[in-house]
Amino acid sequence: MAYVEFTAKDHVGTLTINRPEALNALNDEVIRQLDAVLDSIDCAQVRCVIVTGAGQKAFVAGADIAQMSALSKEEAQAFGKLGNDVFRKLETLGVPTIAAVNGFALGGGCELAMSCDIRLASEAAVFGQPEVGLGITPGFGGTQRMARLIGPGKAKELIYSARNIKAPEALACGLVQAVYPAEELMAQAEKLAGRIAGNAPIAVRACKKAINDGLQVDMDQAVEIEEQLFGSCFQSEDQKNAMAAFLEKRKHDPFIN
Ligand code: HXC
């Protein structure tokens, strides 16, 4: 069964979790397929990736509770590591990622969305970390990424209470960047992805690396990371062409790198 689909057009990839019988819940097979699809993405061709869920109802309704229910401590830790490794691969993918959250994004589904660079939501989206209601903690990075994205106070309120929130509250607390009517979500995600894909790829990729790596270190080290990446852009054809075009008051050539 193919649970993870990937298509690409005009430099924009779309990755779809497709397991409708379980609201796209993540069992180990789905996670392994996600891993393989991430490995297969050619970041020289694909300049932005949209991550979404198949169907109208769910982005991803979490890790698969049926599969998790009988795990031993060691098996649970291994399952958590499997998901963490793959979500980290997604988070550090060479090109920007946009989660198009089309419905329930609970537990591992919310964690999947938080592993993307940007989150756009449909008005029907629901976010939450229901794990403490199942006797567990979040296990695919939710305690860490949610605290970083929306601040520790709000993250603790949501994680300790296991309270789900709808799209407007997710927007208000900064968990998502925009909310659209369900029927417009993919078009809006594609529009943003197309705009990103239309910018200089080496520069966009360097921005992602600068922001992600810089957030892990103190400000002195962070600005050094930016200096290195800023400098590296000056080896690209795109930098030379775009700056020459500006100075010659003409439109720049399409970006190539
Ligand atoms: C397994 C799931 C599932 C899940 C839904 N299904 N979520 N199966 N794992 N996380 C299955 C249901 O069992 C059902 O199968 C089918 O999908 C449709 O779901 P319903 O519950 O009938 O739909 P609905 O009544 O509309 O409710 C939707 C829902 C609910 C509110 C999203 O499904 C729900 O609460 N799901 C669980 C959400 C959750 O707790 N997620 C966090 C999991 S823990 P059948 O066969 O009956 O039709 C987690 C930990 C991550 O994610 C870290 C791990 C290391």
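Per-structure values
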{"read-out": "Which numbered condition ILE136 fails, given (1) in the same structural domain as LEU90 (by the TED database); (2) out of contact with any helix residue (DSSP H, G or I) (no Cβ under 9 Å at 6 or more places or on another chain)", "value": "(2)"}
{"read-out": "Given (1) over 19 Å from PRO168 (Cα atoms); (2) β-branched (Val, Ile, Thr); (3) touching a strand residue (DSSP E or B) at 6+ places or on another chain (Cβ under 9 Å), index of the condition ILE98 fails", "value": "(1)"}
{"read-out": "Residues that are over 15 Å from GLY108 (Cα atoms) and touching a strand residue (DSSP E or B) at 6+ places or on another chain (Cβ under 7 Å), drawn from region 54-84", "value": "ALA54, LYS57"}
{"read-out": "Any hit, region 35-49, residues being of a type outside the set (D, E, K, R), more than 11 Å from the ligand (Cβ to nearest atom), out of contact with any helix residue (DSSP H, G or I) (no Cβ under 6 Å at 6 or more places or on another chain) and under 14 Å from GLY108 (Cβ atoms)", "value": "no"}
{"read-out": "Residues that are without any contact (Cβ under 8 Å) to a residue 60 or more places away in the chain, among the small types (Gly, Ala, Ser) and surrounded by 17 or more Cβ atoms within 10 Å (Cβ to Cβ), drawn from region 179-211", "value": "ALA200, ALA203, ALA206, ALA210"}
{"read-out": "Residue list for region 2-27, restricted to those being within 10 Å of the ligand (Cβ to nearest atom) and among the acidic types (Asp, Glu)", "value": "GLU21"}
{"read-out": "Every pair of residues 6+ apart whose Cβ atoms lie under 7 Å, when the first sits in region 47-69 and is over 17 Å from PRO181 (Cα atoms) and assigned by the TED database to the domain that holds GLU91 while the second is more than 16 Å from the ligand (Cβ to nearest atom) and polar (S, T, N, Q)", "value": "VAL49/THR97; ILE50/THR14; VAL51/THR97"}
{"read-out": "Candidates VAL126, VAL101, VAL95 - the one that is within 15 Å of the ligand (Cβ to nearest atom), crowded, with 16+ Cβ neighbours inside 10 Å and under 26 Å from ALA210 (Cα atoms)", "value": "VAL101"}
{"read-out": "Residues of region 62-91 classified as within 11 Å of the ligand (Cβ to nearest atom), aliphatic (A, V, I, L, M) and touching a helix residue (DSSP H, G or I) at 6+ places or on another chain (Cβ under 6 Å), total", "value": "2"}
{"read-out": "Spans of helices (runs of 4 or more DSSP H) in region 158-257 with at least 2 residues under 27 Å from ALA105 (Cα atoms) and modelled with pLDDT of 95 or more", "value": "167-172, 185-197, 201-214"}
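The values are calculated or read from the model by the stated rules, or taken from the named source; none is laboratory data. A quick note: this is a predicted structure, and the numbers were derived from the prediction, not measured. Cβ sites come from the backbone with ideal geometry, for glycine too, and all protein chains shown count toward neighbours.
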